[in-house]
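> Provided herewith is a single structure, encoded as C-alpha cells, for subsequent inquiry.
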Amino acid sequence: MKITVSINIGGYSFNIDEDAYSELKIYLKNLELHFAQEESSSEILSDIESRLAEIFRGKLTAYKQVITFEDVRQAISVMGTPEDILDTEGPSAREKFSSPGYHRMYRDPDNRIIGGVCSGMGAYWDIDPVIIRILFVVLTATAGIGGLIYLILYIVVPVARTTTQKIEMKGDPVNIHNIKESVKKEFKTVRRNMKL
C-alpha cells in the first residue's frame, strides 16, 4: 500500500505516489534554483511545468490513474536536468538532447505577414518562409489557386500559442534547454518591440 498525494502542475490535477512526489519536488526545486538568476525564470518554470503536465497526462489511462516514481524519472530523463545543461565536458546540451522531437505543423504567429501559414511551413520544413510566400504569390497570379490553398491552410493549421508548440513546430525536442532558449528569445523580442 502506498500513500498518494494530489498535486496541481501546469494547470492539471494529478494523483501521485508519495515517493514520486518527493522526487518531483526535488527536481522542480533544483530547476527553480538553477533559473533563479534568469530574468524570465517564472515563465521558464511555468513552461517546464506545462510540459511535465503533458508528459504525465500521456501516462494516465483508464486503468492507471496515479503517477508513479518511474513516470517521474522518465519525465525527468526526457526534460533533462540543470546539471545536463551546465556540463561543460563532453557534448553540449543541444547535442545531448538532439534526438528529434515531436514535429507538427503550426501557424507561426511570431513571424507572420498575414496569418503565419508560410512562416509556419518554413519552420516545419526548415526553409526560408520567403520562398513559400513567393510560391503562393506565383500560384495566385498564374492559376488563382494559391489564395484558396492559403485560406484552407489558415483554417486547418492551428496557431502555435505555447512555448511547447513553438518548439514542436521546429521539430526540436521539448526539454528544459529548448524551453529556456525559446523563452529568452521571446523576452528579447518583446524588449526590442517595446523600445520601438
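Each value in this text was obtained by applying a stated rule to the coordinates, not by laboratory testing. Bear in mind that the values here come from a model prediction, so they are computed numbers and not experimental data. So basically every Cβ, Gly included, is an ideal-geometry build from the backbone, and we count neighbours across all protein chains shown.
> The range 173-194 to the range 4-31: how many Å between their Cα centroids?
Using only Cα atoms to place each centre, the spacing works out to 25 Å.
> What FRET efficiency, computed as 1/(1 + (r/R0)^6) with R0 = 35 Å and r the Cβ-Cβ distance, is obtained for Lys29 and Arg192, rounded to the nearest 0.05?
The calculated FRET efficiency here is 0.60.
> Which length gain, in nm to one decimal place, applies between Glu181 and Leu148 when the Cα-Cα distance is subtracted from 0.36 nm times their residue separation? If you can, show how the numbers build up before the last one.
On the way: separation 33, 0.36 × 33 = 11.88 nm, distance 3.58 nm.
Stretched fully, the Glu181-Leu148 segment lengthens by 8.3 nm.
> Have a look at the DSSP beta bridges in the chain and tell me what percent are antiparallel, nearest 5. Can you show the working numbers first?
Values: 6 of 9 bridges.
For the chain, the DSSP antiparallel bridge percentage is about 65.
> Skipping prolines and chain starts, which residues have an amide H placed within reach, meaning under 5 Å, of the one on Ile9, given they are 5 or more residues away or on another chain?
Here Phe14 satisfy the definition.
> Let me ask something else. Determine the shape class of the range 117-156: with a ≥ b ≥ c the square roots of the Cα gyration tensor eigenvalues, call it rounded for a/c under 1.5, and otherwise prolate if a/b is greater than b/c, oblate otherwise. Don't skip to the end; give the middle numbers.
Details: a/c = 3.49, a/b = 1.35, b/c = 2.59.
It is oblate, given that a/c is not under 1.5 and a/b is not larger than b/c.
> Would you please put 64-77, 113-126 in order of how densely packed they are, using the mean number of other Cβ atoms within 10 angstrom per residue and starting with the highest? Let's see the in-between values first.
Working: 64-77: 16.4, 113-126: 19.6.
Taking the mean over residues of other Cβ atoms within 10 Å, the ranking is 113-126, 64-77.
> Only counting other Cβ atoms within 10 Å, I'd like Leu153, Leu135, Leu33 sorted with the fewest neighbours first. Please list the in-between numbers first.
Numbers: Leu153 18, Leu135 14, Leu33 10.
With the sparsest Cβ surroundings first, the list reads Leu33, Leu135, Leu153.
> Mind computing the radius of gyration and Dmax over the alpha-carbon atoms of the range 1-92? Å is fine for both.
14.0, 44
> By per-residue mean of other Cβ atoms within 10 Å, what is the highest-first order of 18-29, 171-182, 2-13?
Details: 18-29: 16.4, 171-182: 21.7, 2-13: 12.7.
Peptide ranking by packing, descending: 171-182, 18-29, 2-13.
> Give the shape of the range 1-55 as rounded, prolate or oblate, defined through the alpha-carbon gyration tensor: a ≥ b ≥ c are the square roots of its eigenvalues, a/c under 1.5 means rounded, and otherwise the shape is prolate if a/b is larger than b/c and oblate if not. Before the final figure, lay out each step's value.
Details: a/c = 3.50, a/b = 1.78, b/c = 1.97.
Verdict is oblate for the range 1-55.
> Is the shape of the chain best called rounded, prolate or oblate, per the rule: a/c under 1.5 gives rounded, else a/b larger than b/c gives prolate, else oblate, with a ≥ b ≥ c the square roots of the Cα gyration tensor eigenvalues? Can you show the working numbers first?
On the way: a/c = 2.46, a/b = 1.79, b/c = 1.37.
Note, shape of the chain comes out prolate.
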